[in-house]
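Trainee: Would you mind keeping the following structure in view while I ask a few things?
The values are calculated or read from the model by the stated rules, or taken from the named source; none is laboratory data. Quick caveat, the model's predicted, so the values are computed rather than measured. Virtual Cβ from ideal backbone geometry, glycine too; neighbours counted across all protein chains shown. Accessible surface areas use protein heavy atoms only, side chains included; no ligands, DNA or RNA. Shrake-Rupley method; radii C 1.70, N 1.55, O 1.52, S 1.80 Å.
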Amino acid sequence: MKAVTVCSPGGLDHLKISDLPDPGAPGFNQIRVAVHASSLNFHDLLVANGSIPTADGRVLMADAAGVVEEVGEGVTEFKVGDLVVSCFFPQWQNGLPFTQVTNFSGTPGDGIDGFACEYVVRPATDFTLAPCGWGYTEAATIPTAGLTAWRALIVNGSLKAGEKVLLLGTGGVSIAALQLAKATGAQVICTSSSNEKLDRAKILSADYLINYQEIAEWGKKVLEITEDGVDHVVEVGGPGTLDQSIIATKAGGHIALIGILTGQQGTLSTRRLMTKQIRLQGLIVGNRCQQQDYIAALEQTGIRPVIDCSFSLDELADAFDKMQNGQHFGKIVIKW
């Protein structure tokens, strides 16, 4: 079967179209899935470009959407023909985080082979059903970006109608969070360095828009808009943006730290964080039961993901190049 692998030490010029053995028939409690789509995430890019070391010849991509071709003995949750989506942490079925999900040793496309390939045979619990009526590319946006937004705002944030949400940028997580927040009845402030992207966020019903290149002290601007600050921040930047997010958050508010686009270390105003009694919570994606809850909400609300563009499996390096240049709005997907 065809697959895209990365050769050590990594780099987009080290991605290779490989011919790998077919995985064969499923065993006990396993399913065979014909994979047809994946979506790009920042974590995938870091593995591909060598920033996160992985095994030589690793099959890339954490997200997958495909169709069940065969079910092994003992499988009752799925049947042949079901559209399924993968889980970012297949070992995390339910409950609170534990040691094994503080790293990526069990994450497809990093610690284990991913889904940039034509077929996989995995435990049935590595997948969930996709939303009814969705296509492969839409479903492929769920396991990482979509679930992250769900956990940040709904699971950890307990978002309520009328609350105020600040979203940084217009990538996959932020746009999924925008859609969820508006469906919940929240007010949303979006930031971006591109007025064109802010205009697109407005079409998706963002209430307020801030160009952070034009307004460097955007935390104060948020306070001007809201008077007392936002209830929730979906913080994708990390150390380079966290101080401004703390300024923008109301007393007793919640910051979901889900990304480190500006780096892994930095300084922040711990005094302001403490005196405002803000809850700063780190998170990485979510568990299988949370994914099933998210999918149920997608079916009930009618939310569909925003897909910027699509590439073929052979064009994965080009897709990553577009991603790292920050040219996208919403999700970049690959399909085959």
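Trainee: How large a share of the accessible area of the range 210-255, in percent, is made up of carbon and sulfur atoms when the probe is 1.4 Å and the other protein chains stay in place? Numbers along the way, then the final one.
Mentor: On the way: 820 of 1800 Å².
Accessible surface attributable to carbon and sulfur in the range 210-255 totals 46 percent.
Trainee: While we're on this one: Could you list log10 I(q)/I(0) for the range 47-101 at q = 0.18, 0.25, 0.26 Å⁻¹, which the Debye formula gives when each Cα is one point scatterer?
Mentor: Debye output, listed in q order: -0.90, -1.07, -1.08.
Trainee: In degrees between 0 and 90, to the nearest 10, how far off the longest principal axis of the chain does helix 288-301 point, with axes built from Cα atoms?
Mentor: Here the helix axis deviates by roughly 70 degrees.
Trainee: Using a cut-off of 16 Å between alpha-carbon atoms, which aspartates and glutamates can reach LYS276, once sequence neighbours fewer than 8 places away in the same chain are excluded?
Mentor: Correct list for LYS276: GLU227, ASP228, ASP231, ASP243.
Trainee: Packing-wise, with mean Cβ within 10 Å as the measure, how do 232-242, 14-24, 37-47 rank, highest first? Could you put the intermediate results ahead of the total?
Mentor: Details: 232-242: 23.1, 14-24: 13.1, 37-47: 25.0.
Highest mean packing first, the order is 37-47, 232-242, 14-24.
Trainee: Sticking with this one: Evaluate the distance, in nm, between pseudo-label points positioned 7 Å from the Cα of ASP199 and of LYS322 along their respective Cα→Cβ axes.
Mentor: Using points 7 Å along Cα→Cβ, the separation is 2.0 nm.
Trainee: I'd like the antiparallel share, as a percent to the nearest 5, of DSSP beta bridges with both residues in the chain.
Mentor: On the way: 28 of 55 bridges.
Rounded to the nearest five, the antiparallel share is 50 percent.
Trainee: For semi-axes √(5λ) of the Cα gyration tensor in Å, pick the label among (i) 31, 23, 19; (ii) 34, 21, 18; (iii) 46, 23, 18 that corresponds to the value derived from the coordinates.
Mentor: Recomputing semi-axes √(5λ) of the Cα gyration tensor in Å here gives the entry labelled (ii).
Trainee: Quickly estimate the mean residue ellipticity at 222 nm for the chain, helices only: each DSSP H run with n ≥ 4 gives -39500 (n - 2.57), and the total goes over all residues, rounded to 500. Intermediate values should be presented prior to the final figure.
Mentor: Working: 10 runs with 82 residues, N = 336.
The helix contribution divided over the chain gives -6500 deg cm²/dmol.
Trainee: Find the centroid of the Cα atoms in the range 277-336 and in the range 190-262, then give the distance between the two in whole Å.
Mentor: 20 Å
Trainee: Whole Å is fine, so just give me how far the alpha carbon centre of the range 24-82 lies from that of the range 139-159.
Mentor: Each part reduced to its Cα centre gives a spacing of 20 Å.
Trainee: Continuing with the same structure: Please work out the average accessible area per residue across the range 1-109, using the 1.4 Å probe convention, and give it in Å². Mind dumping the intermediate values first?
Mentor: Values: 4640 Å² over 109 residues.
With the other protein chains kept in place, the range 1-109 gives 43 Å² per residue.
Trainee: Do any of LYS220/LYS250; LYS182/LYS221; LYS182/LYS250; LYS160/LYS331 go past 23 Å between their Cα atoms, and which? Mind dumping the intermediate values first?
Mentor: On the way: LYS220/LYS250 12 Å; LYS182/LYS221 21 Å; LYS182/LYS250 20 Å; LYS160/LYS331 26 Å.
In this structure, LYS160/LYS331 exceed 23 Å between Cα atoms.
Trainee: Also, quick follow-up: If I fit a long axis through the Cα atoms of helix 172-184 and take the longest principal axis of the Cα atoms of the chain, what angle between them do I get, 0 to 90°, rounded to 10?
Mentor: Roughly 70 degrees, rounded to the nearest 10.
Trainee: Under a 1.4 Å probe, what is the accessible area of the range 154-278 per residue, stated in Å²? List each step's numbers first, then the result.
Mentor: Numbers: 5710 Å² over 125 residues.
With the other protein chains kept in place, the range 154-278 gives 46 Å² per residue.
Trainee: Can you work out the FRET efficiency for the pair ARG271 and ASP228, with r the C-beta to C-beta distance and R0 = 25 Å, to the nearest 0.05?
Mentor: On the way: r = 19 Å, r/R0 = 0.75.
In this case the efficiency is close to 0.85.
Trainee: Pull out the extension gain between THR301 and LEU209, defined as 0.36 nm times the separation in residues minus the alpha carbon to alpha carbon distance; nm, one decimal.
Mentor: 30.7 nm
Trainee: Show me 96-107, 59-70, 187-198 ranked by packing, highest mean number of other Cβ atoms within 10 Å first.
Mentor: Details: 96-107: 13.1, 59-70: 24.4, 187-198: 20.1.
The packing order, highest mean first, is 59-70, 187-198, 96-107.
Trainee: Along the Cα-to-C-beta direction of ILE17, a point sits 7 Å from the Cα; which residues of the range 30-47 have their amide N less than 20 Å from that point?
Mentor: So the set is 35-40.
Trainee: Ignoring ligands, DNA and RNA, what percent of the accessible area of the range 1-142 is carbon or sulfur (1.4 Å)? Before the final figure, lay out the partial values.
Mentor: Values: 3150 of 5670 Å².
The value for the range 1-142 is 56 percent carbon and sulfur by accessible area.
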